[in-house]
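Nothing in this text is a laboratory measurement; each read-out follows from the coordinates by a stated rule. Quick caveat: nothing in here was measured; it's all calculated off a predicted structure. As a convention, Cβ positions derive from the backbone with ideal geometry for all residues, glycine included, and neighbour counts pool all protein chains shown.
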Amino acid sequence: MQEKKIIERFIRYVKVDSQSDPESASTPSTQKQWDIIHLLVDELKEIGLSEVSVDDYGYIMATLPSNVSYEVPTVGFIAHYDTSPDFSGANVNPQFVHNYDGGDIVLNEKEGIVLSPTYFPDLKKYIGQTIITTDGLSLLGADDKAGVAEIVSAMEYLLAHPEIHHGKIRISFTPDEEIGTGPHKFDVPKFGAQWAYTMDGSHIGELEYESFNAAGAKIHIKGKSVHPGTAKGRMVNAVLIASELIEALPENEIPERTEGREGFFHVMNIKGDVEDIYINLIIRDHDRNKFNARKELLHTIVKDLQELHKNAAFELEVVDQYYNMREKIEPVIHIVEIAEQAMKEVGITPIIQAIRGGTDGAQLSFKGLPCPNIFAGGVNFHGKYEYLPVPSLLKAVDVIIKIAELTAERYKK
């Protein structure tokens, strides 16, 4: 595997701004995602894949045909090419730290932006390695252009090495994962795989088949704005009512105070004034019963506040976003076992854990495509402190190749 070529491919991808937009109703949610779509379609054709296609919604699919005479289940590999709207994805300027020494990494001297193991202790795992960082002014885009680069590189390698036996492999690159709509228009029958893997995890070795159950909530509080000099008995301050609502949520059940399989409420943003306040929050829990209880609690809080503030008006909308993919993957647990074995055979210690988030695979699993998640290698997603250890990038390519090989071996007659 040519390290230089894989790195160059990754850098080429991250320099294309493909940020998604949660306020958009289109798919892809931003026109600029078409820039990387066209780049990827051309590249997949160039390396020699067949059945390269892109639909009106920006879903790219392609095929690596089987090179064995016996029947092997079709396996898929999926990654998303959009980047998070949480931080700028424009003018990405990757920096290389060679033979990382375990100390602070100055991302931007002028702005005083430093990536420090004091705050991000996971950096210590990568001492001695080459690390790709941002320049402090954008995110990096390893989420998930590392996954895209890994899949393309693995397919290119398998095409160049027909001595490695594999069944039919389908790949897909998708829009809008970062805003939760990536799988909504994914055509599972067209994809035609029996199962797939998203290359969208973080640290090397991560293998996840359990995700949160997830919901989003929108709350509108309608108050009454009156001149403060004559407000007694008349003003209904939606801002203060919003603070009461947030105060009523469980104090310690928030992202910054939870870990593992602990669920949470997360207030994403508050906008408005005395007359109108809009609150967006998300609800997360691995356990379906606890998830449902959280949604019910939010309804109860709003109902109680309505009783307390009869002159205010409340609107609450709660929408389920995805469910714990474990429910759909456990019946076909061999697909996790294949990935676990692949990691071990390429010298990686698997880290099987519940993901504190969701991937396209969570939704795809409920659309009939069981889809565990495998590390792509990037760390500190969605911000200026994002980085990618180069060995993780390379090992992810090895894992994809080995999964293809092991699947063919498993079904050899």
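Could you pull out the chymotrypsin sites (Phe, Trp or Tyr not before Pro) across segment 361-413 that fall in loop regions by DSSP (anything but H, G, I, E, B) with no more than 14 other Cβ atoms inside 10 Å? The partial results should precede the final answer.
Details: sites: Phe366, Phe375, Phe381, Tyr385, Tyr387, Tyr411; in loops: Phe381, Tyr385, Tyr411.
Hits after loop and neighbour filter: Tyr411.
Given labels modelled 7 Å from the Cα in the Cβ direction, how far is it in nm from Gln31 to Glu345?
Roughly 4.8 nm, to one decimal.
Strictly over 28 Å apart at the Cα level, which of Lys45/Lys328; Lys5/Lys185; Lys4/Lys145; Lys125/Lys218; Lys290/Lys384; Lys185/Lys402 would you flag in this model? Before the final figure, lay out each step's value.
Values: Lys45/Lys328 33 Å; Lys5/Lys185 32 Å; Lys4/Lys145 16 Å; Lys125/Lys218 39 Å; Lys290/Lys384 34 Å; Lys185/Lys402 30 Å.
Those over the limit are Lys45/Lys328; Lys5/Lys185; Lys125/Lys218; Lys290/Lys384; Lys185/Lys402.
By the gyration tensor of its Cα atoms, with a ≥ b ≥ c the square roots of the eigenvalues, what is the shape of segment 244-368: rounded for a/c under 1.5, prolate for a/b over b/c, or oblate? Don't jump to the answer; show the numbers that get you there.
Values: a/c = 3.06, a/b = 2.57, b/c = 1.19.
Since a/c reaches 1.5 and a/b is larger than b/c, the shape of segment 244-368 is classed as prolate.
Work out from phi, with θ = phi - 60° and the Karplus expression 6.51 cos²θ - 1.76 cosθ + 1.60, the ³J(HN,Hα) of each residue of segment 180-188, listed in order in whole Hz, and give x for Gly and Pro.
Each residue of segment 180-188 in turn: x, 10, x, x, 4, 10, 6, 8, 4 Hz.
Take peptides 138-149, 122-133 and line them up by average Cβ neighbours within 10 Å, highest first, as a rough protection proxy.
138-149, 122-133
HN-Hα J couplings of segment 94-100 from phi, Karplus 6.51/-1.76/1.60, θ = phi - 60°, integer Hz, Gly and Pro as x?
x, 10, 10, 10, 8, 6, 3
Test of understanding: what is the full-extension gain from Lys367 to Tyr57, defined as 0.36 nm times their sequence separation minus their Cα-Cα distance?
Details: separation 310, 0.36 × 310 = 111.60 nm, distance 1.76 nm.
Net length gain for the segment: 109.8 nm.
Return the sequence-ordered ³J(HN,Hα) values of segment 358-375 in whole Hz as given by the Karplus equation 6.51 cos²θ - 1.76 cosθ + 1.60 applied to θ = phi - 60°, using x for Gly and Pro.
Rounded to whole hertz, the list is x, 10, 3, x, 4, 6, 5, 4, 7, 9, x, 10, x, 8, x, 10, 10, 4.
Run through the DSSP bridge list for the chain and note the antiparallel percent, rounded to the nearest 5. Mind showing how you got there, number by number?
On the way: 48 of 65 bridges.
Of the beta bridges lying entirely in the chain, close to 75 percent run antiparallel.
For Val68 and Tyr278, compute 0.36 nm times the residue count separating them, minus their Cα-Cα distance, and round to one decimal in nm. Write out the running numbers ahead of the final one.
Values: separation 210, 0.36 × 210 = 75.60 nm, distance 5.74 nm.
Answer, rounded to one decimal: 69.9 nm.
Can you figure out the FRET efficiency of Ala354 with Phe120, using R₀ = 25 Å and their beta-carbon distance, to the nearest 0.05? Spell out each step's value before the answer.
Details: r = 22 Å, r/R0 = 0.87.
That gives a FRET efficiency of 0.70.
When the expected Rg is taken as 2.2 N^0.38 Å, what fraction or multiple of it is the alpha-carbon Rg of the chain?
On the way: Rg = 23.2 Å, N = 413, 2.2 N^0.38 = 21.7 Å.
Ratio of Cα Rg to 2.2 N^0.38 Å: 1.07.
Mind giving me the FRET efficiency for Ile246 and Gln2? R0 is 51 Å, r the Cβ-Cβ distance, nearest 0.05 is fine. It would help to have the intermediate numbers written out before the result.
Details: r = 52 Å, r/R0 = 1.02.
It comes out at approximately 0.45.
Go through segment 152-197 and name the GluC sites (Glu not before Pro) that are in a DSSP coil and have 11 or fewer other Cβ atoms within 10 Å of their Cβ. Show your work: numbers first, answer last.
Values: sites: Glu156, Glu163, Glu177, Glu178; in loops: Glu163.
Taking segment 152-197 and a limit of 11 other Cβ atoms within 10 Å, the loop GluC sites (Glu not before Pro) found are Glu163.
Check Lys224: other-chain or 5+ apart residues with amide H under 5 Å from its amide H, H built from backbone geometry?
Val236, Asn237, Ala238
Given 0.36 nm per residue, what is the gain on full extension from Asn108 to Val41 after removing their alpha carbon distance, in nm? Write out the running numbers ahead of the final one.
Values: separation 67, 0.36 × 67 = 24.12 nm, distance 3.43 nm.
Length difference between fully extended and current span is 20.7 nm.
As an exercise, identify the trypsin sites (Lys or Arg not before Pro) in segment 212-249 lying in DSSP coil whose Cβ has no more than 10 other Cβ atoms within 10 Å.
Values: sites: Lys218, Lys222, Lys224, Lys232, Arg234; in loops: Lys232, Arg234.
Here the sparse-neighbourhood loop sites are Lys232.
Can you give the FRET efficiency for Lys185 and Asn99, using 1/(1 + (r/R0)^6), R0 = 45 Å, r = Cβ-Cβ distance, to the nearest 0.05? Can you show the working numbers first?
On the way: r = 44 Å, r/R0 = 0.99.
It comes to 0.50.
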